[in-house]
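The block underneath contains the structure these notes are about, expressed in structure tokens.
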Amino acid sequence: MNGARWLVQALVAEGVDTLFGYPGGAIMPFYDALHGVTELKHVLVRHEQGAAFAANGYARASGRVGVCVATSGPGASNLVTGIADAMLDSVPMVVITGQVATTLMGTDAFQELDVFGMTLPMVKHSFIARRVEDLPRIVGEAFRLAREGRPGPVLIDFPKDVQIADASKLPAHVPSPIDAVEAPMDASLHAALALISQAHKPVVYGGGGIALGNAMQAFRTFVDATQIPTVLTLKGLGALAAQHPLNLGMLGMHGSRAANLAVQESDLLIVVGARFDDRATGKLAEFAPNARVVHMDLDACEISKLRHADAGVRGDIATTLTKLTLPCAAHLHGRNGVARRAWRAQCQERAREFAARYDAPGETVYAPALLKRLSELAPDAVVACDVGQHQMWVAQHWRLDDPRKHLTSGALGAMGFGLPAAIGAQMQNPDARVFCVSGDGSFLMNVQELATLRRYNLPVKIVLLDNQALGMVRQWQELFFERRYSEIDLSDNPDFVAVAQAFGIEALHVERADEVEGALQALLDAKGPALLHVAIDTAANVWPLVPPNRNNAEMLDPQAETSAAATPTHPQEASHALPA
């Protein structure tokens with residue numbers, strides 16, 4: 001029983017059933033300890049970044065701790081982007097890295113890297129196991145910290161001599177208990193209720209904390225009982241079903257017109273597990289200028305961080321919502337009932353008026369219509385996105401009903417996330433229907449994970465939207481850089497169908513709108529992994545769009561039929577302020 005074998009048994013005791021990794025010199029004793037262990041499924045990815053993103057996707061889809069492993073030096077540094085993504089999106093992960101022997105640390109030994117110091121800004125906590133006797137404390141704390149409170153990644157740096165040290169006297173691992181989440185204080189609940197009861201134009205603003213706090217049912221009950229119009233952040237999508245009559249859609253830079261206008265005109269924002277991210281607020285100084293704020297969050301650091309909270313409610317979100325539901329609903333027909341009903345009707349009318357249209361003219365494929373149709377054909381699916389225009393089209397048009405079925409790199413915006421995250425989601429639930437929606441730019445960043453799909457025969461279905469450009473960068477260069485297109489041309493893309501087939505993966509191509517229905521059905525009917533390559537217009541843009549340093553009412557959208565936006569004043573934007 002050495003340190004590496006003890007750690008393997010500790011992972012099993014923590015309930016870990018899957019880990020994602022890539023072996024190397026400094027982590028070799030750990031891989032030796034894995035040999036023959038049936039309780040742990042190790043997934044061999046083809047790049048360490050794929051391991052971190054796969055563990056990330058596993059954790060997002062399941063709510064459990066994701067685990068990834070790499071060797072020292074470049075193995076550890078290749079994990080960094082996935083660790084940062086987990087930190088910024090509050091994803092529970094334990095990251096295990098091999099390290100040179102403690103006697104060699106600080107000597108510039110082969111593949112030595114200070115991963116402890118390198119990752120300090122992007123983890124909840126870091127550990128270096130300098131003695132085998134430290135392992136019980138370190139492992140227990142690592143998993144407790146990853147799960148407890150606001151989740152996040154924790155690093156264990158594991159020197160090679162500690163891995164092979166005698167651990168026969170160590171006790172069997174017992175998981176550390178997690179402290180109960182604090183309930184909200186009564187005074188803060190009373191303050192919140194007072195503001196809610198006075199509001200004429202309230203809006204619920206829901207974020208990723210709803211899923212993190214396992215508060216989805218409490219959130220839906222609160223919205224149904226109070227009948228307050230609701231907007232959601234990118235990570236909050238699915239907390240209220242897309243078709244719910246009170247769901248106005250996503251707010252922010254690429255949010256719906258109905259959602260953005262409701263927020264800008266509201267007199268009260270009921271913020272549930274959201275953090276006033278700049279992509280959601282636009283110009284913060286002009287965000288919801290007439291609204292007071294009730295802010296519910298587990299993390300006290302988020303309350304009043306960017307926007308003053310008139311009533312800050314710190315504590316378990318599910319408990320907070322449950323305690324407020326009945327008292328708030330009692331005010332539904334109170335003295336402000338008439339005004340609230342008029343406000344709700346106005347918001348819902350806007351949602352109908354500005355609803356997305358899918359009858360795009362022409363023979364080419366219209367990506368939003370394809371994605372909306374795919375979500376209708378597979379309503380129970382998990383969708384993992386890369387980053388770019390396709391990510392926003394999924395957020396706008398996929399019929400989401402559960403935040404854990406929408407895996408997207410929110411705060412970091414990491415290209416290359418989609419395919420390995422989909423692999424992680426499929427591994428945590430082999431029976432789930434999992435899609436990866438990617439763009440031609442993002443897809444090539446971790447295309448090697450097609451080999452992982454094939455090796456484990458994971459039935460992930462990939463929709464690759466190919467506009468032969470870095471689409472989001474091209475759109476911004478079109479709108480805000482006077483069409484000076486710089487390094488966005490991807491017209492020399494490979495034949496993606498041939499690439500997939502070279503990995504042994506079924507693939508097909510579609511480029512006409514009248515081919516879409518048959519192609520989607522063929523994709524769904526494929527037994528194993530499959531790729532649908534979709535050629536789309538290079539000039540296609542994501543609308544609406546709030547220009548930089550503008551408030552959310554100033555949306556550019558040439559597709560809309562009526563304008564609710566102010567006329568832009570900057571010359572470089574004016575030519576693109578088409579009737580909206």
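Odds and ends about this structure:
- Going from the fewest other Cβ atoms within 10 Å to the most, the residues LEU465, LEU189, LEU40 appear in the order LEU40, LEU189, LEU465.
- Simple Cβ-charge dipole of the stretch 367-535, Lys/Arg +1 and Asp/Glu -1, about Cα centre, in debye nearest 20: 420
- Rounded to the nearest whole Hz, the Karplus-based 3J(HN,Hα) values (6.51 cos²θ - 1.76 cosθ + 1.60, θ = phi - 60°) of the stretch 184-192 follow the sequence x, 6, 4, 4, 5, 5, 5, 5, 5, with x at glycine and proline.
- For the Cα trace of the stretch 246-336, dividing Rg by the Kirkwood Rh returns an Rg/Rh value of 0.97.
- Annotation: peptides 122-130, 373-381, ranked by per-residue average of other Cβ atoms within 10 Å with the highest first, follow the order 122-130, 373-381.
- Packing rank of 58-67, 304-313, where each peptide gets the mean count of other beta carbons within 10 Å, highest leading: 58-67, 304-313
- Taken about its Cα centre, the chain carries a charge dipole of about 1420 debye when Lys and Arg each add +1 at the Cβ and Asp and Glu each add -1 at the Cβ.
- Amide H contacts of ALA167 (H built 1.01 Å from N, under 5 Å, at least 5 apart or other chain): ASN2, GLY3
- Coordinate range of the alpha-carbon atoms in the stretch 367-535 per principal axis, descending: 48, 35, 33 Å.
- Expressed to the nearest 5 percent, the antiparallel share of DSSP beta bridges inside the chain is 5 percent.
- One equal scatterer on each Cα of the stretch 1-78, no solvent, Debye formula: the resulting log10 I(q)/I(0) at q = 0.11, 0.14 Å⁻¹ is -0.26, -0.42.
- Across the stretch 3-163, the relative contact order, built from alpha-carbon pairs under 8 Å that are at least six residues apart, equals 25 percent.
- The HN-Hα couplings worked out from phi for the stretch 356-370 by the Karplus form 6.51 cos²θ - 1.76 cosθ + 1.60 (θ = phi - 60°) are 4, 9, 10, 9, 4, x, x, 9, 7, 6, 9, 4, x, 5, 4 Hz, whole numbers, x standing for Gly and Pro.
- In this structure, the amide hydrogen of GLU182, modeled 1.01 Å from its nitrogen in the peptide plane, lies closer than 5 angstrom to those of ASP316, counting only residues at least 5 positions away or on a different chain.
- Ordering VAL123, ALA52, GLY25 by the projection of their Cα atoms onto the charge dipole of the chain, which places +1 on the Cβ of Lys and Arg and -1 on the Cβ of Asp and Glu, puts VAL123 at the extreme positive end.
- Given their separation in residues at 0.36 nm each and the Cα-Cα distance between them, LEU306 and ILE178 gain 43.1 nm when the chain is fully extended.
- Estimated 222 nm signal from helices in the chain, with DSSP H stretches of n ≥ 4 weighted -39500 (n - 2.57), rounded to 500: -10000 deg cm²/dmol
- Measuring against 30 Å, Cα to Cα, the residue pairs LYS283/LYS461; LYS41/LYS527; LYS41/LYS160; LYS305/LYS372; LYS323/LYS461; LYS41/LYS305 contain LYS283/LYS461; LYS305/LYS372; LYS323/LYS461; LYS41/LYS305 as the ones spanning a longer distance.
- Helix 216-226 axis, angle to the chain major axis (alpha carbon atoms, nearest 10°): 10
- Close amide H contacts of CYS436 (hydrogens built in the peptide plane, cut-off under 5 Å, sequence separation of 5 or more or a different chain): ALA384, LYS461, ILE462, VAL463.
- Positive-end residue, the chain charge dipole about Cα centroid, Cβ charges, pick of LEU412, PRO136, CYS385: PRO136
- Under the Karplus curve 6.51 cos²θ - 1.76 cosθ + 1.60, θ = phi - 60°, whole-Hz ³J(HN,Hα) for the stretch 259-266, x wherever Gly or Pro sits: 5, 5, 5, 4, 5, 5, 9, 5
- Anisotropy class assigned to the stretch 126-169 is prolate, per the alpha carbon gyration tensor with a/c at or over the 1.5 cut-off and a/b larger than b/c.
- Alpha carbon convex hull of the stretch 473-545, projected area averaged over orientations, nm²: 6.6
- Exposure proxy order (Cβ contacts within 10 Å, fewest to most) of VAL383, VAL231: VAL383, VAL231
- Nearest-0.05 FRET efficiency for GLU511 and TRP476, computed from C-beta distance (R0 30 Å): 0.70
- Percent breakdown of C-alpha pair distances by 10 Å bin, ordered from the shortest bin, for the stretch 186-353: 11, 46, 38, 5, 0
- Length-normalised contact order for the stretch 94-174 - Cα pairs under 8 Å, 6+ apart - percent: 43
- For the stretch 419-491, applying the loop criterion from DSSP together with a ceiling of 15 other beta carbons within 10 Å to the chymotrypsin sites (Phe, Trp or Tyr not before Pro) yields PHE481, TYR485.
- Square roots of 5 times each gyration tensor eigenvalue, C-alpha, the stretch 3-163, largest first, Å: 21, 17, 15
- Relative contact order computed over the chain (Cα-Cα under 8 Å; 6+ residues apart), in percent: 13
Read-outs throughout are calculated quantities, based only on the coordinates presented, and are distinct from any laboratory measurement. Since the model is a prediction, treat every value here as computed from it, not as a measurement. With ideal geometry, Cβ positions are generated from the backbone for all residues, glycine too; neighbour counts draw on all protein chains shown.
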